[in-house]
Every structure is written in C-alpha cells, then in structure tokens.
Amino acid sequence: MKAVRSSKRLGAALSEVAVLAVLVGIVTSGAFQLASSAERTSRFESGFPSVRSDAIRAVSLIASDLRRAPEFSEGSGCDPHLSIGRASGDSLMVYSSANRTRRSYEIKNGNFEVEGDRSNSALDAVADVSTLKFRYFKSADLAYNKTDTPDDASWVSSVTGSDLKSITAVKVTATVTRGGLSGTYTTIVRMRNSPKKVG
C-alpha cells in the first residue's frame, strides 16, 4: 500500500512542476516584452528630439532670411516689394540683402541646403530632410487683414512673374526622417510688404 501512495504523491509533484513551468514561462515572456518595449521607447525618446530639432533648424534658417528680406524702393532699380525671386512648392529663392544677394533653399541628395549666389558650396545644410514644402499667401488687393492664419484654400504652391511681389506670407514645412523616426515642423512668416493690420 505504501507503493501506491508514493506514486500518487509523485504524480501530484509532476503536475505542480508543469504548472510552475507554465507560470515561469508566462512571467519570463512578459518580462522580455516589457524590456523590449522599454528599449524601443528609449530609442524613440532619444531619437525623436534630434529629428524634430533638425526640422526646426531647417525651417528657422529659411524663416530668418524671409524676415530679413529687404523691401526694395521705387528708386532702387528693382520691382518694389520684390523680396522673393523664385517661389515653387519645393524650393525658394530670397533676396537676403539690399544689394540683391540671393539665397536658395531646396533639398539636394537628401539634405536641405542653403546656397548663396556668391558661393559654389552650401552655406548651410541639414541632413536627412525628406520633405521641404512651401506655400504662399498672395494679396493682390493688399486686403490681407488677418490676425489668424488664412485657411488652407488661400495658400498656393507656386507664384511666378509679377505676382511674386504680392506674396505677403510664406508657410514653410520641413520633415526630417532618420532611423525610422520622422519629425515635422511648420511655421508661417509674414513678409515685410505684408500690409499692417487695419484697425
């Protein structure tokens, strides 16, 4: 009779071991997934600020020159208010000083580049810019009296010829993509020829 009892006791011990093995497997799997998730979160948190800050840097380089672009007078030999020389959806050329020094902004070989007319190389660059987008707000009748942002239908993707001097605001968007992460930044710059707010 003792032999029978011992086999029942041994059977109970094996089932306990099997249940314990399943529980250890579940806990180990959960711990592995938690560690993997923490690693992905850490990589995202450390990588995202750099792609976002690079997008901000690219947009800020353009916005700075747009804000400083001169407003030419009638007697300067230039079209009045002509601060922008080329305005397309993916590139822009701005006169950055009263002596008509030009700066161009576009993506070349996956990098955002600022080029000047007196230089054979980029004046500044930001790596991994995947998208650079320009939209323009024109005001032919100088009735731009907005304290808020014009609606999306008011923005155009390119402006040519004599309409260049009617550009009163430029919306600039840059996206940087690196290591599977993307950061986008957009700003709107009012040009110097933008009419002042009417009372």
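The values are calculated or read from the model by the stated rules, or taken from the named source; none is laboratory data. Bear in mind the structure is a predicted one, so any value in this text is a computation, not a measurement. Ligands, DNA and RNA are stripped out before the accessible areas are found, and what is left, the full protein with its side chains, is counted by its heavy atoms. Shrake-Rupley method; radii C 1.70, N 1.55, O 1.52, S 1.80 Å.
I'd like the residue in region 141-172 that is assigned to a strand (DSSP E or B) and open to solvent by 20 Å² or more (accessible area, probe 1.4 Å) and, out of all such residues, is modelled with the highest pLDDT.
K171
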How many residues are of a type outside the set (G, A, S), within 23 Å of V129 (Cα to Cα) and at pLDDT 70 or above when one looks only at region 7-52? 3
